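Visitor: If you scroll down you'll find the structure; I have some questions about it.
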Amino acid sequence: LQQAIHEHPVVLLPSHRSYMDFLLMSYILYTYDLALPVIAAGMDFMGMRFVGEMLRMSGAFFIRRSFGGDKLYWAVFSEYVRTMLKTGFAPVEFFLEGTRSRTAKSLTPKLGLLNIVMDPFLKGEVFDVTLVPVSISYERILEESLYARELLGVPKPKESTSGLFKARKVLSEDYGSIHVYFGQPVSVRSLAEGRVNRCQFNLTPRHIPQRPGEEINHFVNDSAFRLVWAQEENMVLKPWVLLASLLLQNHHHGQKGGTALEELTEQAVWLRDLSRQCGAFLHWPEHAPPSEVVSSSLSLHQGLVSISEGRVHLALEQAGGQGGPEEKLLNQAVVVLSCASYRNQALHVFLRPALLALAIVTSSSNNRQEVYNSFSFLRNMFSNEFILCPGATVQDFEEACYLLVKTGALQIPQQEVLITERGHRTLAFLTSILDPFLQGYQVVCRFLCEEATEALTDKQFVPAVRKFIIKHLLTGTLRYAEALSSDLQKNSLAALLRLGAVRRVKGGAEQGTLKVNKVMVNSLEDTLGGKLPTQKAAAARL
């Protein structure tokens, strides 16, 4: 980074999981005696007394969350950012995901600011622009239960200075360690090589803002996905991420009495080795015996797990508290969603093999082409949920096959995909990791077929689907409290809109009503669930 700052304008692109991110970035650059970045911050901070001013003095500039159709605002704002870049006065910093991820999964990148910072290169005003993806991994996130409550519909507290002072008590707790990984700087010039014809920009004066054409949009979108993917690959996973994945699966598979500590340790060591074979960037203390690593991880997260008589389980009983069944359920869902956000940190490692595992279980034969078709359908269905680069279905399938053959779970002679004897455990784990998403999408489809009225609007969708899911969780017809996550509900709606099974009619995006093609939604639900897991059926086939 020190080298890059001397050569070309630099844009820092940190991952965004916590309010701490931008403070950490400035703190680290200050410590290494590098120029403090200028940071794009949301308007909500501007209204905080003293703090807004302090942030501005530390390099923040405030922007609207969306520009609507305000061309003047867009022109002035983009000119401001371009001037910062061209003068090389300081690195520019913004979050590709646009907002904090409440689920610890990477969000689909927003393209507005990336378009603006690439513009000076595309118009030949600078020789190159250097993009630096930065991955920030937290062993324990400051906003852990706040995020879970937000996903369950408790509104985000308004940023205020008094709130900041009241929140000081969090500083006395232990949050483990934080890893900050500065990725390989990426040159926009080399990204654009052979992909973008820059001559088109000579036809209009540079200072006139233009809407980027199709070619540029594709290029910026591809670059954004590659950058978020680079952030994900450099995320450091701690042992707790593996433990959270195992505890959630054990819980969902009906181990109500918890898991024996020795058994959990054995599972964690097995998963540690599997995740390394899949390319995880794992920070597992080598010198300590596994039982010690597991115990210290559990004690750091004692708000989420409880240990009694040598057995470990999610702290659902303590969380339930007093109150009616619905209130109990929501309190327990806070624990489940908090654990899920840690499990989500490992999703990018297992995602492709897990989609393949699911495709094997759901396709009617082990013919390679059929398994590929099933993989392609699932990948398309979940492309609003996970970071899957556009147009890379074949590469993703090949990579998943390679990894599962390498780990000894599959053999792929000629045109068949065969599960090996030792592969059953791996495939059962991988299908389980996607199960909550699968069932979440199915239940949203069921809601749209059974309950959606003609007048259902975007605004009513989340509260209505939440009510439907709570009813099914209380009657026991749905197992996964993770389906209560508003993030999952919105992503599944976005997927159905993209696939044309639901349409928005009249009005802007905000107040438009949703028109549901029930036949299509029903058929998607069947394809997701027809031959598919309940876990027992999947395990039986495996």
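Visitor: Is it the case, given these coordinates, that residue 182 is in contact with a Cys (Cβ under 7 Å, 6 or more places away or on another chain) and closer than 22 Å to residue 17 by Cβ? Even if it seems obvious, please write down each step before you answer.
Guide: On the way: in contact with a Cys (Cβ under 7 Å, 6 or more places away or on another chain): no; closer than 22 Å to residue 17 by Cβ: yes.
It is false that residue 182 is in contact with a Cys (Cβ under 7 Å, 6 or more places away or on another chain) and closer than 22 Å to residue 17 by Cβ.
Visitor: Looking at region 51-66, which of its residues are open to solvent by 40 Å² or more (accessible area, probe 1.4 Å) and assigned to a loop (DSSP other than H, G, I, E, B)?
Guide: At the first step, the residues of region 51-66 found to be open to solvent by 40 Å² or more (accessible area, probe 1.4 Å) are 53-54, 56-58, 64-66.
Result: 58, 64, 65, 66.
Visitor: Which number in (1) in contact with a Ser or Thr (Cβ under 7 Å, 6 or more places away or on another chain); (2) open to solvent by less than 50 Å² (accessible area, probe 1.4 Å) marks the one condition that residue 297 misses?
Guide: Only one criterion in (1) in contact with a Ser or Thr (Cβ under 7 Å, 6 or more places away or on another chain); (2) open to solvent by less than 50 Å² (accessible area, probe 1.4 Å) is unmet by residue 297, namely (1).
Visitor: Report, by residue number, each residue of region 85-95 that is under 30 Å from the mean Cα position of the chain (by Cα) and either outside the structural domain of residue 7 (by the TED database) or free of Cβ contacts under 8 Å to residues at least 60 places away in the same chain (or both). Write out each step before concluding.
Guide: Initially, region 85-95 is screened for residues under 30 Å from the mean Cα position of the chain (by Cα), giving 85, 90-95.
The one that is under 30 Å from the mean Cα position of the chain (by Cα) and either outside the structural domain of residue 7 (by the TED database) or free of Cβ contacts under 8 Å to residues at least 60 places away in the same chain (or both): 90.
Visitor: Can you name every residue in region 405-447 that is aliphatic (A, V, I, L, M) and under 18 Å from the mean Cα position of the chain (by Cα)?
Guide: 430, 433, 434, 438, listed by residue number.
Visitor: Can you spot a residue in region 109-128 that is in a strand (DSSP E or B) and in contact with a Leu (Cβ under 8 Å, 6 or more places away or on another chain)? Break it down stepwise before answering.
Guide: Kept after step one, since they are in a strand (DSSP E or B), are these residues of region 109-128: none.
No.
Visitor: If you scan region 2-26, which residues turn out to be over 25 Å from the mean Cα position of the chain (by Cα) and open to solvent by 30 Å² or more (accessible area, probe 1.4 Å)?
Guide: Hits for region 2-26 are 2, 3, 5, 6, 7, 8.
One line per residue, one yes/no per condition, for (1) buried (at least 21 other Cβ atoms within 10 Å of the Cβ); (2) touching a residue at least 24 places away in the same chain (Cβ under 8 Å); (3) of a type outside the set (D, E, K, R):
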{"position": "211", "(1), (2), (3)": "no, no, no"}
{"position": "218", "(1), (2), (3)": "no, no, yes"}
{"position": "226", "(1), (2), (3)": "no, yes, no"}
{"position": "231", "(1), (2), (3)": "yes, yes, yes"}
{"position": "235", "(1), (2), (3)": "yes, yes, yes"}
{"position": "244", "(1), (2), (3)": "yes, yes, yes"}
{"position": "253", "(1), (2), (3)": "no, yes, yes"}
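Visitor: To continue, here is another question. Quick one: how many residues across region 398-434 are open to solvent by less than 10 Å² (accessible area, probe 1.4 Å) and in a strand (DSSP E or B)?
Guide: Number satisfying all stated conditions: 1.
Visitor: Take residue 284 and tell me if it is surrounded by 15 or more Cβ atoms within 10 Å (Cβ to Cβ) and touching an Asp or Glu at 6+ places or on another chain (Cβ under 8 Å). Break it down stepwise before answering.
Guide: Values: surrounded by 15 or more Cβ atoms within 10 Å (Cβ to Cβ): yes; touching an Asp or Glu at 6+ places or on another chain (Cβ under 8 Å): no.
No.
Visitor: Residue under question is residue 373, and the condition is that it be assigned to a helix (DSSP H, G or I), of a type outside the set (A, V, I, L, M) and free of Cβ contacts under 8 Å to residues at least 40 places away in the same chain; does it hold?
Guide: Values: assigned to a helix (DSSP H, G or I): yes; of a type outside the set (A, V, I, L, M): yes; free of Cβ contacts under 8 Å to residues at least 40 places away in the same chain: yes.
Yes, satisfied.
Here is a yes/no grid of residues against (1) open to solvent by 60 Å² or more (accessible area, probe 1.4 Å); (2) assigned to a helix (DSSP H, G or I); (3) modelled with pLDDT of 90 or more; (4) not acidic (Asp, Glu):
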| position | (1), (2), (3), (4) |
| --- | --- |
| 448 | no, yes, yes, yes |
| 471 | yes, yes, yes, yes |
| 474 | yes, yes, yes, yes |
| 479 | yes, no, no, yes |
| 487 | no, yes, yes, no |
| 494 | no, yes, yes, yes |
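Visitor: If you go through region 36-50 one residue at a time, do you hit one that is free of Cβ contacts under 8 Å to residues at least 24 places away in the same chain, open to solvent by 60 Å² or more (accessible area, probe 1.4 Å), closer than 30 Å to residue 154 by Cβ and not in a helix (DSSP H, G or I)?
Guide: Among the residues of region 36-50, at least one is free of Cβ contacts under 8 Å to residues at least 24 places away in the same chain, open to solvent by 60 Å² or more (accessible area, probe 1.4 Å), closer than 30 Å to residue 154 by Cβ and not in a helix (DSSP H, G or I), which makes the answer yes.
Visitor: OK, next. Show me the helices (runs of 4 or more DSSP H) entirely contained within region 237-352 in which 3 or more residues are outside the structural domain of residue 108 (by the TED database), under 27 Å from residue 151 (Cβ atoms) and small (Gly, Ala, Ser).
Guide: Details: elements: 239-252, 261-277, 290-300, 316-320, 325-343.
Here the list reads 325-343.
Visitor: Can you tell me which residues in region 505-542 are in contact with a helix residue (DSSP H, G or I) (Cβ under 7 Å, 6 or more places away or on another chain), exposed (fewer than 15 other Cβ atoms within 10 Å of the Cβ) and modelled with pLDDT of 75 or more?
Guide: Of everything in region 505-542, just one residue is in contact with a helix residue (DSSP H, G or I) (Cβ under 7 Å, 6 or more places away or on another chain), exposed (fewer than 15 other Cβ atoms within 10 Å of the Cβ) and modelled with pLDDT of 75 or more, namely 518.
Visitor: May I pose another question? Out of all the residues in region 89-109, is one or more open to solvent by 80 Å² or more (accessible area, probe 1.4 Å) and either in contact with a Gly (Cβ under 7 Å, 6 or more places away or on another chain) or farther than 24 Å from residue 129 by Cβ (or both)? Talk me through it step by step, then tell me what you get.
Guide: So the first thing to find is which residues in region 89-109 are open to solvent by 80 Å² or more (accessible area, probe 1.4 Å), and the list is 89.
Still in the list and also either in contact with a Gly (Cβ under 7 Å, 6 or more places away or on another chain) or farther than 24 Å from residue 129 by Cβ (or both): none.
No: region 89-109 contains no residue that is open to solvent by 80 Å² or more (accessible area, probe 1.4 Å) and either in contact with a Gly (Cβ under 7 Å, 6 or more places away or on another chain) or farther than 24 Å from residue 129 by Cβ (or both).
Visitor: Only one residue in 276, 272, 343 is closer than 30 Å to residue 406 by Cα, of a type in the set (Lys, Arg), at pLDDT 90 or above and buried (at least 22 other Cβ atoms within 10 Å of the Cβ). Which one?
Guide: Values: 276 fails: buried (at least 22 other Cβ atoms within 10 Å of the Cβ); 272 fails: buried (at least 22 other Cβ atoms within 10 Å of the Cβ).
Result of the check over 276, 272, 343: 343.
Visitor: OK, next. Given the condition of a type in the set (Asp, Glu) and touching a residue at least 12 places away in the same chain (Cβ under 8 Å), answer yes or no: does some residue in region 326-336 qualify? Steps first, please.
Guide: Going residue by residue through region 326-336, those that are of a type in the set (Asp, Glu) are 326-327.
Still in the running and touching a residue at least 12 places away in the same chain (Cβ under 8 Å): 326.
The answer is yes; a qualifying residue exists.
The values are calculated or read from the model by the stated rules, or taken from the named source; none is laboratory data. Quick caveat: nothing in here was measured; it's all calculated off a predicted structure. Please note: Cβ atoms are built from the backbone with ideal geometry, for glycine as well, and neighbour counts cover all protein chains shown. Side chains included, ligands, DNA and RNA excluded: accessible areas come from the protein's heavy atoms. Shrake-Rupley method; radii C 1.70, N 1.55, O 1.52, S 1.80 Å.
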